[in-house]
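Undergrad: Below you will find the structure I want to go over with you.
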Amino acid sequence: MSKNILIIILFGLLVSCNESDEKKWTLVWEDNFDGDAGQLPNPQYWKFDVGTDWGNRQLEYDTDRSENVSLDGEGNLLIIAREEQYEGQNYTSGRIKTQDLFDFTYGRVEARIKLPWGQGIWPAFWMLGANITDVGWPQCGEIDIMEYRGQEPSRIHGSLHGPGYSGGSPITSKYDLFNARFDTDYYLFAVEWESDEIRYYVNDDHYLTIKNNEPPGEWVFDDPFFIILNVAVGGTFVGNPNENTVFPQTMYVDYVRVYQ
């Protein structure tokens with residue numbers, strides 16, 4: 001066999017191996033938030049959590065009003081935290097979810113988001129197990145794709161909550177920007193969720209992997225999950241707003257996509 005033929009064969013094998021190792025994702029669900037300014041998000045995709053204090057001492061009342069959650073007419077979803085008296089609370093905001101409308105097991109889920117900022121502002125892009133009404137939290141599992149303290153505009157957190165590793169003791173890691181902030185531009189936040197591990201990304205920069213043998217308790221991430229987007233005000237993770245916190249504060253969501 002000539003040297004040139006051997007090189008061609010070896011190159012072909014290398015290309016074949018690389019192609020087989022590369023993950024091929026197929027888009028199965030998306031919302032690009034197209035619609036008129038002031039329109040509520042598509043009710044076929046999203047429903048609202050309406051109320052206050054979801055277990056984290058949050059201060060806002062989450063509403064289903066367009067003043068807190070609406071499209072901007074330019075392909076973005078806006079979730080707006082406001083300082084105002086409403087239903088006994090001093091702040092309002094929004095919290096939407098795909099519960100009972102869309103859930104999935106395993107895949108890549110991503111959202112392109114520009115974050116708000118300020119002491120006591122707590123936006124998140126996350127998922128809960130669809131069996132939460134049957135087994136409760138944290139047995140249902142929680143995948144925090146992106147959590148953020150508004151007073152730390154260059155840092156986000158990715159976390160996993162389950163039985164024995166929840167609340168203030170999740171499996172977690174942080175991702176820091178250098179000479180940049182999450183409130184001045186859009187960033188892509190994603191997880192790739194498989195049966196044996198969950199991988200976390202910012203702009204496709206892989207910064208955390210959690211394997212199914214790592215949690216100190218049961219791995220509860222082999223069942224369907226639904227998606228949540230919200231902006232909290234105050235709470236155990238961020239503390240209360242202060243005199244330097246400017247309102248309103250808006251989280252801009254360009255799109256949410258799920259691949260399998």
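The values are calculated or read from the model by the stated rules, or taken from the named source; none is laboratory data. What you see is a predicted model, and the numbers here were worked out from it, not measured in a lab. Glycine gets a Cβ as well: all are built from the backbone with ideal geometry, and neighbour counts include every protein chain shown. Please note that ligands, DNA and RNA were not included when accessible areas were found on the heavy atoms of the full protein model with its side chains. Shrake-Rupley method; radii C 1.70, N 1.55, O 1.52, S 1.80 Å.
Undergrad: Run Val231 past the list (1) open to solvent by less than 70 Å² (accessible area, probe 1.4 Å); (2) over 16 Å from Arg112 (Cα atoms) and report the number of the one that doesn't hold.
TA: Unmet for Val231, out of (1) open to solvent by less than 70 Å² (accessible area, probe 1.4 Å); (2) over 16 Å from Arg112 (Cα atoms): (2).
Undergrad: May I pose another question? Kindly evaluate Asp134 against the criterion of being open to solvent by 20 Å² or more (accessible area, probe 1.4 Å), at negative phi and assigned to a helix (DSSP H, G or I).
TA: yes
Undergrad: Let me ask another. Strands (runs of 3 or more DSSP E) wholly in region 68-107 with at least 1 residues that are under 16 Å from the mean Cα position of the chain (by Cα) and surrounded by 23 or more Cβ atoms within 10 Å (Cβ to Cβ) - which ones?
TA: 77-86, 95-97
Undergrad: Moving to a separate point now. Which residues, counting only those in region 71-108, are free of Cβ contacts under 8 Å to residues at least 40 places away in the same chain and polar (S, T, N, Q)?
TA: Gln85, Gln89, Asn90, Thr92
Undergrad: Which of the residues belonging to region 155-175 are closer than 19 Å to Ala190 by Cβ, of a type outside the set (Val, Ile, Thr) and open to solvent by 30 Å² or more (accessible area, probe 1.4 Å)?
TA: Arg155, Pro170, Ser173, Lys174, Tyr175
Undergrad: Only one of Ile198, Ile113 is under 16 Å from the mean Cα position of the chain (by Cα) and either more than 28 Å from Leu71 (Cβ to Cβ) or among the aromatic types (Phe, Trp, Tyr) (or both). Can you tell me which?
TA: Going through Ile198, Ile113 in turn, just one is under 16 Å from the mean Cα position of the chain (by Cα) and either more than 28 Å from Leu71 (Cβ to Cβ) or among the aromatic types (Phe, Trp, Tyr) (or both): Ile198.
Undergrad: Please enumerate the residues belonging to region 19-47 that are part of a strand (DSSP E or B) and either within 22 Å of Phe247 (Cα to Cα) or in contact with a Phe, Trp or Tyr (Cβ under 8 Å, 6 or more places away or on another chain) (or both).
TA: Leu27, Val28, Trp29, Glu30, Asp31
Undergrad: Looking only at region 177-188, decide whether some residue is on the phi > 0 side of the Ramachandran plot and open to solvent by 40 Å² or more (accessible area, probe 1.4 Å).
TA: Checking region 177-188: at least one residue is on the phi > 0 side of the Ramachandran plot and open to solvent by 40 Å² or more (accessible area, probe 1.4 Å).
Undergrad: So, in region 55-67, of the ones that are surrounded by 15 or more Cβ atoms within 10 Å (Cβ to Cβ) and under 19 Å from the mean Cα position of the chain (by Cα), which residue ends up farthest from Thr92 (Cα to Cα)?
TA: If we take residues in region 55-67 being surrounded by 15 or more Cβ atoms within 10 Å (Cβ to Cβ) and under 19 Å from the mean Cα position of the chain (by Cα), then Gln58 is farthest from Thr92 (Cα to Cα).
Undergrad: Additional query: Counting only residues that are out of contact with any strand residue (DSSP E or B) (no Cβ under 6 Å at 6 or more places or on another chain) and without any contact (Cβ under 8 Å) to a residue 24 or more places away in the chain, how many does region 207-230 have?
TA: 2
Undergrad: Quick check: is even one residue across region 140-150 open to solvent by 10 Å² or more (accessible area, probe 1.4 Å), under 28 Å from Thr245 (Cα atoms) and either at pLDDT 95 or above or not in a strand (DSSP E or B) (or both)?
TA: Scanning region 140-150 turns up at least one residue that is open to solvent by 10 Å² or more (accessible area, probe 1.4 Å), under 28 Å from Thr245 (Cα atoms) and either at pLDDT 95 or above or not in a strand (DSSP E or B) (or both).
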